[in-house]
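A.B. asks: Have a look at this one before I ask anything.
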Amino acid sequence: MPQMQLPIFPAGLTAINRNIGFQCESGRVVYFHGHLPVFEHDANDVQSFRLYTSQLIERGTVRQGEIVQAFGVPLITVKRYSKVLREQGSKGFFAPHKTRSSPVLTEDVLRRCQELLEEGKSVPEVAREVNVLANTLHKAIRAGRLKKKN
């Protein structure tokens, strides 16, 4: 016959619900089920936080609203990472982010833009001349692919 777990937590623990709580101490976050520690991660390890809280939600141990209330994170973020767990599994939390390439700025276009910038033209002037958005050129400058003349 199953034994009932009393909702008793150690002192200094923040309750997520009547069974699960957490404690942040010395830069580590430790999760407890009753008085037993069940998981721990660094306080600044966001991926592990998202993974573990999503697992708690998917297993029905906590509700999304309880995570929102206990940690002060937006509900949409909690929903987003629950979906990541369902669709991609735990690998989805640690995979490198996909980046888009910039097919607009080919080598020839970059070379022409750099020539125009070195002539002293402004970014909007260069953008009009090579028929790309000025925002695209600003991003290329920030990324170091183009050098703006000072």
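The values are calculated or read from the model by the stated rules, or taken from the named source; none is laboratory data. Please read all numbers here as calculations on a predicted model, not as lab measurements. Heads up, the Cβs are rebuilt from the backbone with ideal geometry, glycines too, and the neighbour counts pull from every protein chain shown.
A.B. asks: Could you list, in sequence order, all residues of the range 32-56 that are farther than 22 Å from Q88 by Cβ, touching a strand residue (DSSP E or B) at 6+ places or on another chain (Cβ under 8 Å) and in a strand (DSSP E or B)?
C.D. replies: Taking the range 32-56 first, the residues farther than 22 Å from Q88 by Cβ are 32-38, 40, 42-44.
Remaining after also requiring touching a strand residue (DSSP E or B) at 6+ places or on another chain (Cβ under 8 Å): 32-33, 37-38, 40, 42-43.
Result: F32, H33, P37, V38, E40, D42.
A.B. asks: Just one of (1) in contact (Cβ under 8 Å) with a residue 12 or more places away in the chain; (2) at positive phi trips up L105, so point out which.
C.D. replies: Unmet for L105, out of (1) in contact (Cβ under 8 Å) with a residue 12 or more places away in the chain; (2) at positive phi: (2).
A.B. asks: Moving on. Of the numbered conditions (1) in contact with a His (Cβ under 6 Å, 6 or more places away or on another chain); (2) surrounded by 20 or more Cβ atoms within 10 Å (Cβ to Cβ), S54 fails exactly one; give the number of that condition.
C.D. replies: So the condition that S54 fails would be (1).
A.B. asks: Continuing with the same structure: Of all residues in the range 14-31, which are of a type outside the set (G, A, S), in a strand (DSSP E or B) and crowded, with 19+ Cβ neighbours inside 10 Å? Before you say what the answer is, go through the steps one by one.
C.D. replies: Here is the first cut: in the range 14-31, the ones of a type outside the set (G, A, S) are 14, 16-20, 22-25, 28-31.
If we keep only those that are in a strand (DSSP E or B) too, we end up with 14, 20, 22-25, 28-31.
Answer for the range 14-31, where residues must be of a type outside the set (G, A, S), in a strand (DSSP E or B) and crowded, with 19+ Cβ neighbours inside 10 Å: I20, F22, V29, Y31.
A.B. asks: Further question: Across the range 83-107, what is the number of residues that are within 26 Å of Y52 (Cα to Cα), at pLDDT below 90 and either among the hydroxyl-bearing types (S, T, Y) or assigned to a helix (DSSP H, G or I) (or both)?
C.D. replies: Residues flagged as within 26 Å of Y52 (Cα to Cα), at pLDDT below 90 and either among the hydroxyl-bearing types (S, T, Y) or assigned to a helix (DSSP H, G or I) (or both) within the range 83-107 amount to 1.
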